[in-house]
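**Student:** First, the structure itself, so that you have it in front of you.
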Amino acid sequence: SVLLYQKPNRDICQSGTSLKIQCVADSQVVSMFWYQQFQEQSLMLMATANEGSEATYESGFTKDKFPISRPNLTFSTLTVNNARPGDSSIYFCSSRGLGGRNTLYFGAGTRLSVL
Amino acid sequence: QQNVQQSPESLIVPEGARTSLNCTFSDSASQYFWWYRQHSGKAPKALMSIFSNGEKEEGRFTIHLNKASLHFSLHIRDSQPSDSALYLCAAPNNNAGAKLTFGGGTRLTVRP
């Protein structure tokens, strides 16, 4: 398995501002995935981040709005630019553990509220 | 592109009941399937997975998979209040298999 640590746990920000969410893995992982979850609904895959390359974004998510960095095999950041109330949700980082047969492990999540 | 649908959206059962949750997927080439459980305010956590047609049992939980019907299900025997959670089914959304597409979730409440 892999343990993923996210911070902050929660954040409140004003519309139009930007905030950064950090994710640290306790071991090296090839891919990190970022998911968005609105109030107890499905998990939507936002993007896949591999070390040393641009993140790959899913439909409905863009690099300008949600830039992602992946400077090494244990770390990734997700930035929410020009935050809007519609961005209020929980953001999870996730990754597969070594030998996990594609089991996805999730960080604790960052609950974002945009006023 | 994988499309995963879950039913029902919510379910309330008494303690001790047998509970059944359903999931359909669209990509017939999918190889493996997952159920995740998410307690309120917590991160999703893998519950069970299945890779072959048929049935897999782990304790009170059983997964059924029918690839021909593009359907898999989770059955909980002797449901407990601690089973109350959001249940999410998932299937891979590309041939690489690293990405998962999740269903809309079933909110299960087990009444004592």
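Values in this text are rule-based calculations from the coordinates and carry no lab data. All values reported here derive from a predicted model rather than from experimental measurement. Backbone-built Cβ (ideal geometry, glycine too); neighbour counts: all protein chains shown.
**Student:** How long are the semi-axes of the equivalent ellipsoid of chain B, taking √(5λ) for every eigenvalue λ of the Cα gyration tensor, in whole Å from largest down?
**Tutor:** On the way: eigenvalues 111, 42, 27 Å².
One finds semi-axes of 24, 15, 12 Å for chain B.
**Student:** May I ask for log10 I(q)/I(0) of the protein assembly as shown at q = 0.09, 0.13 Å⁻¹, from a Debye sum over the Cα atoms as equal point scatterers with solvent left out?
**Tutor:** Calculated log10 I(q)/I(0) at the listed q: -0.37, -0.77.
**Student:** Would you mind calculating the gained length between B:ALA68 and B:GLU9 on full extension (0.36 nm times residue separation, minus the Cα-Cα distance), in nm to one decimal? Mind showing how you got there, number by number?
**Tutor:** Numbers: separation 59, 0.36 × 59 = 21.24 nm, distance 2.37 nm.
Fully extending the segment from B:ALA68 to B:GLU9 adds 18.9 nm.
**Student:** Can you give me the Cα centroid spacing of region B:34-61 and region A:38-92 in angstrom?
**Tutor:** 25 Å
**Student:** Considering the Cα trace of chain A, what is its radius of gyration and what is Dmax, both in angstroms?
**Tutor:** 13.3, 42
**Student:** Taking just the C-alpha trace of region A:57-115, give me its Rg and Dmax in Å.
**Tutor:** That works out to 13.3, 42 Å for Rg and Dmax.
**Student:** Which residues' amide hydrogens lie under 5 Å from the amide hydrogen of A:MET46, considering only partners 5 or more residues apart or on another chain, with H built in the peptide plane?
**Tutor:** Amide H to amide H, under 5 Å and 5 or more residues apart or across chains, A:MET46 pairs with A:TRP34, A:TYR35, A:GLN36.
**Student:** Let me ask something else about it. How large is the dipole of the protein assembly as shown about the Cα centre if only Lys and Arg carry +1 and Asp and Glu carry -1, each at its Cβ, rounded to the nearest 20 debye?
**Tutor:** On the way: 21 positive and 16 negative charges, 46 e Å.
Once rounded to the nearest 20, the dipole reads 220 debye.
**Student:** Taking R0 as 22 Å, what FRET efficiency do you get between A:VAL24 and B:SER40 from their Cβ-Cβ distance, rounded to the nearest 0.05? Please report the intermediate quantities before stating the final value.
**Tutor:** Values: r = 25 Å, r/R0 = 1.13.
Calculated transfer efficiency: 0.35.
**Student:** Moving to a separate point now. Treating only the Cβ atoms of Lys and Arg (+1) and Asp and Glu (-1) as charged, compute the dipole magnitude of chain A about its Cα centre; round to the nearest 20 debye. All intermediate terms of the calculation are to be shown ahead of the outcome.
**Tutor:** On the way: 10 positive and 8 negative charges, 22 e Å.
With only Lys, Arg, Asp and Glu charged at Cβ, the dipole is about 100 debye.
**Student:** Specify which residue in the list A:VAL30, B:SER26, B:SER7 is farthest towards the positive end of the charge dipole of the protein assembly as shown, using unit charges on the beta carbon of Lys, Arg (+1) and Asp, Glu (-1), about the Cα centre.
**Tutor:** A:VAL30
**Student:** Enumerate cysteines in the protein assembly as shown without a disulfide-compatible partner, where compatibility requires another Cys Cβ under 4.7 angstrom.
**Tutor:** Result for the protein assembly as shown is A:CYS13, no neighbouring Cys Cβ within the cutoff.
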